[in-house]
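Taking it in order: structure first as structure tokens, then the write-up.
The values are calculated or read from the model by the stated rules, or taken from the named source; none is laboratory data. All values reported here derive from a predicted model rather than from experimental measurement. Cβ placement follows ideal geometry from the backbone for every residue including glycine, while neighbour counts extend to all protein chains displayed. We work out accessible area using only protein heavy atoms, side chains counted, and drop any ligands, DNA or RNA first. Shrake-Rupley method; radii C 1.70, N 1.55, O 1.52, S 1.80 Å.
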Amino acid sequence: MAMTMTQKILAAHAGLPAVRAGQLIRAKLDMVLGNDITSPVAIREFDKAGFSDVFDREKIAIVLDHFVPNKDIKAAEQCAQCRAFAKRFDVKNYFDVGEMGIEHALLPEKGLAAPGECIIGADSHTCTYGALGAFSTGVGSTDMAAAMATGEAWFKVPPAIRVELTGKLQPYVSGKDVILHLIGQIGVDGALYKSLEFGGPGLSSLSIDDRLCIANMAVEAGAKNGIFEVDEVTMDYIRGRVSRTVSVCTADADAAYDQVIHLDLSAIEPTVAFPHLPENARTFAEIGEVPIDQAVIGSCTNGRLSDMAAAAEILKGRHVAKGVRAIIIPATQAIYREAMKRGYLETFLDAGCAVSTPTCGPCLGGYMGILAAGERCVATTNRNFVGRMGHVESEVYLASPAVAAASAVMGRLADPRILMEGKDGSK
């Protein structure tokens, strides 16, 4: 039976020669992930079910990132519960203040996700690890509880959409523009419970950070998971991070897809998703004068080193517009440290930005940048639902780090290419 990448990984982990779309299977897991919001619920269910041990201390990751450093008493109590659980079962991959990072940037960085693996996490953006050729998907906290005890999970095998990539990205266009363009094309339910499988000759031109960003937002198209073909870019990234044997799964030439989408990367423009859905994607030819109050550059979608570099390039020698708050959040301690070594943090500070320790913070309306009624924010985050970053009458515009940085300088939504060509008179 011909299978897609996702179906091959699921078949291998279910111990079956083949699986088909719609089939219910029980699969063994390579990693179970939780954070400071979802893990406490899972821990309560774990204890309620009477489980006495975890299935593997090396294959559970608990990352305190959403409200860490703690923003209030409730957040502190949730984290205390996670700390006690990690200590009780000697969870090896436990990350707390000073050594943590935003979970979906941290796990790849630490080599905790690899090609061919089956990963679940009690967070919807667990689909990020598909960038490395893994099957990874978000689950509920109850599923996380059972998985921590048994090392297994139930799945319905998803059908797939093939995204065939050609061409090469233009300057100041990134993976964020690609995924916003795609979601704008198919809608937030265009891949509902399907696997978005990326490949084609254009793949080689996408950096690993571009792929991580795209896979991260597969769920915003309703997808069960997003996954990329494994190539030299992938193997170069995991080299030195992953010492265990990996299994690369490639789709059969005659694998069945519900749809094949052709994307010419060279034709994609800087893109912004307007409120209040990621599918409301527009290019600057369609955007008028939209003033902003805040810019946020960070999150599990766009807080990596290349994102810091893109923002620093635009902010170098410039200053954030009067009346605009610009917040920069490197996604991990390692990224923070390297950004400091390269002078990016000094560039951000000179430009009038605030620089935060790694945290999800404002992305989910947690802290470090909550919006008041009537305020607008351009953010490199992944969701712009009503009230996502604060008041229900605030607005969030999703964009790349280059667009967010240019917008912070201009005080309105701005095409970074126009800014970098010097038409604003700043260079």
Query - D72 versus A354: modelled label distance in nm, points set 7 Å from Cα along the beta carbon direction - result: 1.7
Query - Sequence ranges 381-393, 80-92, ranked by mean other-Cβ count within 10 angstrom, highest first - result: 381-393, 80-92
Query raised in the report: Near the amide H of A160, under 5 Å away, which other amide H atoms are found, from residues 5 or more places off or on another chain, if H is placed in the peptide plane?
Result: S195, D258
**Report entry** D47-E286 pseudo-label distance in nm [points 7 Å out on the Cα-to-Cβ vector]
**Finding:** 5.0
**Report entry** Protection-proxy order for peptides 43-51, 322-330, 4-12, 253-261, each taking the mean of Cβ atoms within 10 Å per residue, highest first
**Finding:** 4-12, 322-330, 43-51, 253-261
Query - Expected-Rg normalisation [2.2 N^0.38 Å, Cα atoms] applied to the chain - result: 0.94
Report summary line: Phi-derived 3J(HN,Hα) across region 165-176 with the Karplus relation (6.51, -1.76, 1.60, θ = phi - 60°), rounded Hz, x for Gly and Pro, is 9, 10, x, 9, 5, 6, x, 6, 10, 9, x, 5
Report task. Can you give me the P(r) profile for region 90-173? Cα pairs, bins 5 angstrom wide beginning at 0, each as a whole percent. Result -> 3, 11, 18, 23, 19, 13, 6, 5, 3, 0
Query raised in the report: Between E58, E229, E220, which gets the highest mean-square fluctuation from a Gaussian network model of the chain, Cα cutoff 10 Å?
Result: E58
Query raised in the report: Taking K74 as the anchor, which lysines have their alpha carbon closer than 26 Å to its alpha carbon, excluding any fewer than eight residues away along the same chain?
Result: K48, K87, K92
Query raised in the report: How many nm is it between the label spots at D189 and H391, if each spot is 7 Å from the Cα in line with the beta carbon?
Result: 3.1
**Report entry** Long-range HN-HN contacts of A61 with modeled amide H, under 5 Å
**Finding:** V32, L33, G34
Query - Whole-number D in µm²/s for region 240-391 (Stokes-Einstein; Kirkwood sum over Cα pairs; 20 °C, 1.002 mPa s) - result: 121
Query raised in the report: By accessible area of protein heavy atoms, probe 1.4 Å, what ranking do K194, K168 get, highest first?
Result: K168, K194
Report task. Sum up the charges of everything whose Cβ sits under 12 Å from the Cβ of G365, counting Lys and Arg as +1 and Asp and Glu as -1, but leave G365 out. Result -> +3
Query raised in the report: Mind listing the phi-derived Karplus ³J(HN,Hα) values for region 42-57, rounded to whole Hz, using 6.51, -1.76 and 1.60 with θ = phi - 60°, and x for any glycine or proline?
Result: 4, 5, 4, 5, 4, 5, 4, 6, x, 5, 10, 7, 8, 6, 6, 5
Query raised in the report: Which entries in the list K156/K194; K28/K156; K8/K194; K176/K341; K156/K176 go over 20 Å, if you measure between the two C-alpha atoms of each?
Result: K176/K341; K156/K176
**Report entry** Over region 241-386, relative contact order from alpha-carbon pairs under 8 Å, at least 6 apart, %
**Finding:** 28
Requested in this report: Apply the Karplus parameterisation 6.51 cos²θ - 1.76 cosθ + 1.60, with θ equal to phi minus 60°, to every residue of region 183-192 and state each ³J(HN,Hα) to the nearest whole Hz, in sequence, with x for glycine and proline.
Outcome: 5, x, 7, 9, x, 6, 10, x, 10, 4
**Report entry** Gained length - M1 relative to S243, 0.36 nm times residue gap less alpha-carbon distance
**Finding:** 83.9 nm
